[in-house]
Amino acid sequence: MSGNEAVARGAWEAGASVGVGYPGTPSTEVLENLVKYEGVHCEWAPNEKVAAEVAGGASLGGVRALVTMKHVGLNVAADVLYTQSYTGVTGGLVYLVADDPGMHSSQNEQDTRNHGVGARVPVLEPSDSQEALEYTRAAFEISERFDVPVIVRLTTRISHGKGLVTAGSRTEVATRPYERDARKYVMMPGNARVRLRDVAARDEALAAYGSTAEVNRAEERSQSLGVITSGIAYQYVREALPEASVLKLGLTVPLPAQLILDFASRVERVAVVEELDRHLTMRVRALGIDVEEVDLPRRGELSPRIVAEAFGAPPLSRRELVDGLPPRPPLLCPGCPHRGLFYALGKVRAVVTGDIGCYTLGTLPPLNGMDSCVCMGASIGMAHGMDLAGSVERPVVAVIGDSTFAHSGLTGLLHMAYARSEGTVIVLDNRTTAMTGHQGNPVNGVFIDGSDAPAIDLDAVCLALGAGSVRTVDPHDLDATLNVLREETAADHLSVIVSKAPCALLIKDHHDPYAVDEELCTKCGSCVRLGCPAISRDENGRAVIDTATCVGCGQCVQVCRYDAIVGVGPSCDLGGGR
Ligand code: SF4
Ligand code: SF4
């Protein structure tokens, strides 16, 4: 199983009744697998905050609940978590949070252990798939035993790496009876101050538990070097430094102080190996332990080789990179509807505040279609702020995906209306949450199990939020899209344009491909500047379409002023890439 599959299995075995989350790589597959088990109701929520609230409500109702997200999603849910830490739980409440060292698919690096410290909730860090399953089970037990939400923190290597797993069976957990307890669950200041005393007592109890808990273990080997580590870094230490004694921490928040002090007293030198922040290093030093300074990178992922080099250990063999492979930069897919929209935005020379989704790839040449991308929902507020600056002569346009609009764009639009904005917001409605693998969302009306769900009426919602107009365009129709864009960016009201066409990967029955008539091609390059991966130039500079890749969206046909792009038919005998 992958780590994500194992977490799903662990939650099911632990008797969880509810799973809820927002898709975000590398966490997405947890809920996609949990939904396959009987006895667990799963949902995608519009954002992580809502997911955390739903899971918290399920816990309050007495059942075990898992809430899933990636690291940046925890920022959205943090408002909930920090107070859930005060209320505690009724049924076990577990947050699965997947960090992404190296930013394989994220806009920042972030160490979720910091949120564990800030919210004063325990953090468990599995080192492989087996532990992902076992720690998830343990997390529910800890949650109920100590009356606290628990974070299970994975990183990309654990989430997506696969390992053999010994699975168990499901423990059916009785629903805990709901009893009204306003002093515990209504966090007005008077109650919160009382609960804070309980939190402090819990901190001490958890730290003592950590020093004896099975998830923390000392592996005694050579006494000359002792390494304190956790998560995937444990695997790297074992490979790079097989002789070293290791204190493997599965529960890193709170710190098991006594266990660490005992371990440090038994070895001559103490070092810490961890990815991302110096979370363990600083806290172990705060215990008065002389932690050796090791030259490990403070960003990105570690590897066995990096760890070996940092300790001057014998070098590990490495596979050499193959020379001469063609570069494969990330690109919008052939037939992607966003390409047509970015083409039109380029024609009006728009400054585009962008958002999180596959359309962020429109930033890259040749489209150069986005000017900013910060976090989910930021595009709308950013566009309004740029208008307030008053320094940009060109139209400022916010673009945001359908799922992202539901996630955190609605309030931005509401604010623009309230602030009397005359700006333009474009919702890129490709009928799915494409970036993370085509999950359902409130706009496309697909539930997590594939069944139909009520789809929100985007037009009605945007008008209700205060948009002066809502117009829908087909982004494959370049002229029509451009005309609407020109009209709405010039309008003296807040405009929403819904750019609506399905993700190219959703379409099973594509149109016939196109090809370039090399006699007619003038080498002007207009079609190449669309950035479709199916179009390239031959050695003479003429455009070439790879008909095996082209899905026949027709966008390039519209930009060729020389009618050189034509349908491929049986009587067609053209040059190019057929
Ligand atoms: S737009 Fe037409 S003429 Fe220009 S390079 Fe492409 S196929 Fe050739
Ligand atoms: S029709 Fe043109 S733009 Fe569309 S997929 Fe084919 S080559 Fe790409």
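The values are calculated or read from the model by the stated rules, or taken from the named source; none is laboratory data. None of the values given here were measured: they were computed from a predicted structure. As a convention, Cβ positions derive from the backbone with ideal geometry for all residues, glycine included, and neighbour counts pool all protein chains shown. We work out accessible area using only protein heavy atoms, side chains counted, and drop any ligands, DNA or RNA first. Shrake-Rupley method; radii C 1.70, N 1.55, O 1.52, S 1.80 Å.
Using +1 on the beta carbon of Lys and Arg, -1 on that of Asp and Glu, and nothing else charged, what's the dipole of the chain about the Cα centre, debye to 20? Intermediate results must be reported in sequence, preceding the final value.
Numbers: 52 positive and 71 negative charges, 191 e Å.
It works out to roughly 920 debye.
Long hydrophobic helices in the chain: none of the complete DSSP H runs spans 30 Å or more by Cα along its own axis with mean Kyte-Doolittle hydropathy of at least 1.0.
Loop only per DSSP, at most 14 neighbouring Cβ atoms within 10 Å: give me the GluC sites (Glu not before Pro) in region 224-277, ordered by residue number. Kindly include the intermediate steps, with their values, before the conclusion.
On the way: sites: GLU239, GLU243, GLU268, GLU274, GLU275; in loops: GLU243, GLU268, GLU274, GLU275.
Passing sites in region 224-277 are GLU243, GLU268.
Could you work out the per residue convex hull volume over the alpha carbons of the chain, in cubic angstrom?
Values: hull volume 108.0 nm³, N = 578.
Each residue corresponds to 187 Å³ of Cα convex hull volume.
What does the charge add up to near PRO533, with Lys and Arg as +1, Asp and Glu as -1, over the other residues with Cβ less than 14 Å from its Cβ? Intermediate values should be presented prior to the final figure.
Values: positive: ARG328, ARG339, ARG529, ARG537; negative: ASP546.
Local net charge: +3.
Shape class for region 419-515: oblate, because the ratio a/c of the largest to smallest gyration tensor axis (alpha-carbon atoms, square roots of eigenvalues) is 1.5 or more and b/c is at least a/b.
I want the antiparallel fraction of DSSP beta bridges within region 460-566, as a percent rounded to 5. If you can, show how the numbers build up before the last one.
Details: 5 of 10 bridges.
Close to 50 percent.
Give me the net charge for the shell around LEU261: Cβ to Cβ below 14 angstrom, other residues only, Lys and Arg +1, Asp and Glu -1.
Values: positive: ARG266, ARG283, ARG285; negative: ASP262, ASP290.
Charge balance near LEU261 sits at +1.
Judged by the mean number of other Cβ atoms found within 10 Å, the most tightly packed of the peptides 522-530, 452-460 leads the ranking 522-530, 452-460.
Leaving out same-chain residues fewer than 8 places away, which aspartates and glutamates sit with a Cα under 19 Å from that of LYS184? Once the sequence-local aspartates and glutamates are set aside, what remains near LYS184 is GLU53, ASP79, GLU144, ASP147, ASP198, ASP203. Per atom type, the chain shows carbon and sulfur on 52% of its accessible surface, probed at 1.4 Å.
The lysines within cross-link reach of LYS162, meaning a Cα-to-Cα straight distance under 25 Å and a gap of 8 or more places when in the same chain, are LYS36, LYS70, LYS248. The distance between label points at ASN108 and ARG170 comes to 3.9 nm (points 7 Å beyond Cα on the Cα→Cβ vector).
Rounded, prolate or oblate, given the Cα gyration tensor of region 295-403, with a/c below 1.5 counting as rounded? Intermediate results must be reported in sequence, preceding the final value.
Working: a/c = 3.42, a/b = 2.02, b/c = 1.70.
Here region 295-403 falls in the prolate category.
P(r) for region 1-143, from all Cα pairs and a bin width of 5 Å, is 2, 12, 22, 26, 24, 11, 3, 0 %, short bins first.
What does the net charge come to around ARG195 if you take all other residues with beta carbon closer than 15 Å to its beta carbon, with K and R at +1 and D and E at -1? List each step's numbers first, then the result.
Numbers: positive: ARG120, ARG183, LYS184, ARG193, ARG197, ARG202; negative: ASP147, ASP181, ASP198, ASP203.
Taking every Cβ under 15 Å from that of ARG195, the sum is +2.
Ellipticity at 222 nm from helices only: DSSP H runs of n ≥ 4 in the chain, each -39500 (n - 2.57), divided by the residue count, give -10000 deg cm²/dmol.
When the Cα gyration tensor is reduced to axis lengths a ≥ b ≥ c, the ratio a/c is 1.5 or higher for region 436-578, and with a/b not above b/c it is classed as oblate. What are the lysines whose alpha-carbon lies under 26 Å from the alpha-carbon of LYS500, with same-chain residues fewer than 8 places away excluded? List returned: LYS347, LYS508.
So, R0 is 41 Å and r is the distance between the beta-carbons of ILE507 and TYR418; what FRET efficiency does that work out to, to 0.05?
Numbers: r = 38 Å, r/R0 = 0.94.
Once the sixth-power term is evaluated, E becomes 0.60.
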